[in-house]
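Asks: Below are the structure tokens for one structure; questions will follow.
The values are calculated or read from the model by the stated rules, or taken from the named source; none is laboratory data. As the structure is a prediction and not an experimental result, all values here were calculated from the model. For neighbour counting, all protein chains shown are included, and Cβ atoms are generated from backbone atoms with ideal geometry for every residue, glycine included.
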């Protein structure tokens, strides 16, 4: 399926055919200028000028039902009486960006006449249109400026990535191998509400589904995949062909082949596992999960389907799925020096957050009661980023984002046998941790160094989910008040 964003221009028949021809030609140029700045994997599709109630309703109905259209951009080139848009907006189900622009960046001061004024009325028409959007409480993004400007193109690009994330969310199928880890609260949640709010389908698969599929993988298939591992990664000598523990790598390959086949056959794009529920599997999947995440699949440990879903959604909003991983706040460095978080997980951290060539190693896990699992070991590359959590707080969902700076570890970590990331949270470890806990954030997160805060904010607006941000300007007092105001708003805005 191709992904399209439709570019819709508003006008009316009052201006006559000559003016409307100019409107059409100029709106094509505006669409072309915008498309030049879009890096997201979408096509911007120009549509004929909308001049009547019937044309508007038909266009927005088509956008809502089109499998290819994931969002619309609207611009009132001239004056389009906003009551014409009501019937169409009532049925629009795709996210909307209101572009407030005009065909020319600069005014031709010396030659402006009434013909020019009648043609270039976006300052007039867009405000009329915006009034009805506000009155109808239509969620939208507003971008102001000329389409050739880099900041305008960047804002539209962020919207495009968010629309891709919304499309992913609405079509996401997630496979849970086992339930969530017993007694853990934050990884659980209301799956029906998640489907209503976010569109995702959370489905249960018994671990024996995976056990049976692993047993069906041939030695030949698995050995062939281990050769790929040796080509792509720095594989420990004991795991290489002929090494004392090569059989463990072969089993890790069987896990990947089995998982991949189940996900592909079921059209799943995210999954979870649980080290307390492995059946007769010999290893907890580690390397297999890391490889699948690198290919764009979502994952959450201990049955954490919400984080798994967010990994898949945020990966879809990243170019090539890069710079996005399942993560966990594991332990702290309070000092000396700048306090830091050491993030990791038992095994499952995505290699797209590093520029290093990952090592494949085998070490004891210490929990789960299974054989030593194989895994990639690396350190995340320094970069500005953010950690994101989706939590179910009972009456609604909340997305929490903390701006961070991924840094090099203060010292080497020669005995830590897992992939990891070290970051300095904004504005400080103390304030960020207090704020995170006030918001009810999970210990599991999505770490991204590639998806912008603006895109995440756009996505939250599209799904009408509360989004709270912890950044350099956050103070505990202001953040506590923000949560209080937000709670009041969402309770008042809730459906009866």
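Asks: Mind checking which residues of the stretch 146-169 are in contact (Cβ under 8 Å) with a residue 24 or more places away in the chain, in a helix (DSSP H, G or I) and surrounded by fewer than 17 Cβ atoms within 10 Å (Cβ to Cβ)?
Replies: Within the stretch 146-169, 150, 154 qualify.
Asks: State all residues of the stretch 119-145 that are in contact (Cβ under 8 Å) with a residue 40 or more places away in the chain and surrounded by fewer than 16 Cβ atoms within 10 Å (Cβ to Cβ); if no residue qualifies, say none.
Replies: 124, 131, 136, 138, 139, 142, 144, listed by residue number.
Asks: How many residues are at pLDDT 95 or above, in a loop (DSSP other than H, G, I, E, B), buried (at least 20 other Cβ atoms within 10 Å of the Cβ) and touching a helix residue (DSSP H, G or I) at 6+ places or on another chain (Cβ under 6 Å) if we restrict to the stretch 241-280?
Replies: So the count comes out to 1.
Asks: Which residues, counting only those in the stretch 103-135, are in a loop (DSSP other than H, G, I, E, B) and out of contact with any strand residue (DSSP E or B) (no Cβ under 9 Å at 6 or more places or on another chain)?
Replies: 103, 104, 105, 106, 107, 108, 109, 110, 111, 112, 113, 120 - these are the residues of the stretch 103-135 that are in a loop (DSSP other than H, G, I, E, B) and out of contact with any strand residue (DSSP E or B) (no Cβ under 9 Å at 6 or more places or on another chain).
Asks: Can you tell which of 340, 359, 370 is modelled with pLDDT of 95 or more and surrounded by fewer than 17 Cβ atoms within 10 Å (Cβ to Cβ)?
Replies: Answer to the selection: 359.
Asks: Restricting to the stretch 95-118, name every residue that is farther than 16 Å from residue 152 by Cα and either touching a residue at least 60 places away in the same chain (Cβ under 8 Å) or not assigned by TED's automatic domain parsing to the domain that holds residue 33 (or both).
Replies: Within the stretch 95-118, 95, 118 qualify.
Asks: Output the residues belonging to the stretch 448-496 that are part of a helix (DSSP H, G or I), farther than 21 Å from residue 157 by Cβ and in contact with a helix residue (DSSP H, G or I) (Cβ under 8 Å, 6 or more places away or on another chain).
Replies: 476, 479, 480, 483
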